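The numbers here are math on the coordinates, done by the rules we state, and not lab data. Since the model is a prediction, treat every value here as computed from it, not as a measurement. Every residue, glycine as well, gets a Cβ built from its backbone with ideal geometry; the counts of neighbours run over all protein chains shown.
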Amino acid sequence: MFALIYDTHDLDKPFKEVLSVHKSRETAERALRKRMAKLEKSVEDCNARIVWLKERAKPGYGITEKAFLTWGPGETIPYGELHPDCD
């Protein structure tokens, strides 16, 4: 299952709050777009990202990095995510 999580990338705060849970990446992306529009911020500025949950969770739960992956099983990872933009 996919989730939209609140992640400030602060190493002193290992728990990430689950904002919403989704059956597909597409619905999670829609939720992210809605959040960005509501906050009137870019994806970087609203501190939210989409992840694949390894375990069940509900909105409001706090999860650690051990509980999720950036990409779900069998997902095609975009070329730009595998290779850096610089030389």
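Electrostatic bookkeeping for THR27 treats Lys and Arg as +1 and Asp and Glu as -1; over the other residues with beta carbon under 14 Å from its beta carbon, the sum is +4. Counted by Cβ distance under 13 Å from HIS9, the other residues give a net charge of -3, where Lys and Arg count +1 and Asp and Glu count -1. Please check which bits of region 46-75 a label hung off ASP10 would reach, taking the label as a point 7 Å along Cα-to-C-beta and the cut-off as backbone N under 13 Å. Under 13 Å, as judged by backbone N against the label point of ASP10, lie 47 of region 46-75.
Cross-link partners of LYS54 among lysines, defined as those whose alpha carbon lies under 16 angstrom from its own and excluding same-chain residues fewer than eight positions apart: LYS16, LYS23, LYS66. Calculated FRET efficiency, TRP71 to GLU40, Cβ-Cβ distance, R0 = 25 Å: about 0.30 to the nearest 0.05. The value of relative contact order for the chain, using C-alpha pairs under 8 Å at least six residues apart, is 33 percent.
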